[in-house]
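*Asks:* There's a structure below that I have some questions on.
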Amino acid sequence: MVNDPSARVRRADTAQQAFTAFLLRRGFGLLTALGPRRASNLAGALSRGIGQRLSVSKVADRNLQRAMPELDTAARRVIIGNVWESIGRTVGELPHTATLRETDSGPGWEMVGRENLPAGQAIFFSAHFGNWEMILPVASQTGLAVSGFYRPASNPAADRVIQELRLAGLGPHVQMFTKGARGARDAFAHIARGGSLGLLIDQKMNDGIAAPFFGHPAMTAPAAAQLALRFGLPLVPIRVERLEPARFRVVCEPALAAPQTGDRKADILALTTAMNETVERWVRGDPGAWLWLHKRWPKQ
């Protein structure tokens, strides 16, 4: 029998992936059994307690120093704690997104700015703010078949578990495109067929365009602006605020004014800048609700 080290490594990697997926299923099963409120509280408390001790919190602290230099060390520490709690709550609420409905109180959601929802096709943009995982489920429940992008987890087995939870809350006409060249082509075709699209625009994109964010150039994905201008579609800001455990306010703002100067490059930059300004306004209003943990600006 041939001793194949690479085969052993592959088997070990497959077993590790399967075990991770098993733990995820058990964990999400527990969160489901707890109900939305208790799941949100438990995951939020665990995340706050653990997250602040992780080295990535230093990235958040540097980002806060750059973006909001008026904050002292104590204020930044509070915000970073709130960030970790918000992330944990988002994870704890994920198994419940398919069952949360529009309500007047308790677990569920309410909407402000419903009159700003377009009657037809549109490009929606948001950020990793509040519980961003609720955006597409809410759109589905309001009758909007808005498709979106996702970044696959490095563990394929774990990725399947997470995607099952996401898709459970979406309508049959909603698609999820993987980030990358193929996903971009599929999304373009989806829009050309009359579909709507939602994008999170607040993470660094190395091959994006430099647009101001908190007074500093930030490499920003121009896709939302490009698609809105290319197809003549409204570009609509939407965010999800957490009011209490597993209760949200969905805020739909009026569509951004689209520049039409005839200079396509300048128009894309102007519209991308307007999107960054919108997200900055949200973040300044509630800094602890935004994901400060990623490297949004160049090191210098």
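The values are calculated or read from the model by the stated rules, or taken from the named source; none is laboratory data. None of these values were measured; they are calculated from a predicted model. Quick reminder, even Gly has a Cβ in these numbers, built from the backbone with ideal geometry, and neighbours come from all protein chains shown.
*Asks:* From the residues in the range 9-28 that are small (Gly, Ala, Ser) and free of Cβ contacts under 8 Å to residues at least 24 places away in the same chain, which one is nearest to Gly288 (Cα to Cα)?
*Replies:* Gly27
*Asks:* Right, another one. Kindly establish whether Leu100 is modelled with pLDDT under 95 and either more than 17 Å from the chain's Cα centre (by Cα) or farther than 19 Å from Gly29 by Cα (or both).
*Replies:* no
*Asks:* When you go through Arg62, Arg66, Arg77, Arg53 one by one, which is the residue that is basic (Lys, Arg), more than 27 Å from Gln163 (Cα to Cα) and not in a helix (DSSP H, G or I)?
*Replies:* Sole residue among the options that is basic (Lys, Arg), more than 27 Å from Gln163 (Cα to Cα) and not in a helix (DSSP H, G or I): Arg53.
*Asks:* Using the structure shown, decide if Leu144 is in a loop (DSSP other than H, G, I, E, B) and under 30 Å from Arg230 (Cα atoms).
*Replies:* For Leu144, the condition - in a loop (DSSP other than H, G, I, E, B) and under 30 Å from Arg230 (Cα atoms) - is met.
*Asks:* Under 7 Å between Cβ atoms, at least 6 apart or on separate chains: pull out the pairs that start in the range 95-120 with a residue that is part of a loop (DSSP other than H, G, I, E, B) and end on any residue that is among the charged types (D, E, K, R) and surrounded by 11 or more Cβ atoms within 10 Å (Cβ to Cβ).
*Replies:* From residues that are part of a loop (DSSP other than H, G, I, E, B), the pairs are Thr97/Glu133; Gly106/Arg247; Pro107/Arg37; Pro107/Arg247; Gly113/Glu253.
*Asks:* Hey, another quick one. Scan the range 173-183 and tell me whether some residue there is among the aliphatic types (A, V, I, L, M) and either within 15 Å of the chain's Cα centre (by Cα) or part of a helix (DSSP H, G or I) (or both).
*Replies:* yes
*Asks:* While we're on this one: Checking Glu85 against (1) in contact with a Leu (Cβ under 8 Å, 6 or more places away or on another chain); (2) buried (at least 17 other Cβ atoms within 10 Å of the Cβ), which test does it fail?
*Replies:* (1)
*Asks:* Residues in the range 192-211: is at least one in a helix (DSSP H, G or I) and surrounded by fewer than 16 Cβ atoms within 10 Å (Cβ to Cβ)?
*Replies:* There is at least one residue in the range 192-211 that is in a helix (DSSP H, G or I) and surrounded by fewer than 16 Cβ atoms within 10 Å (Cβ to Cβ).
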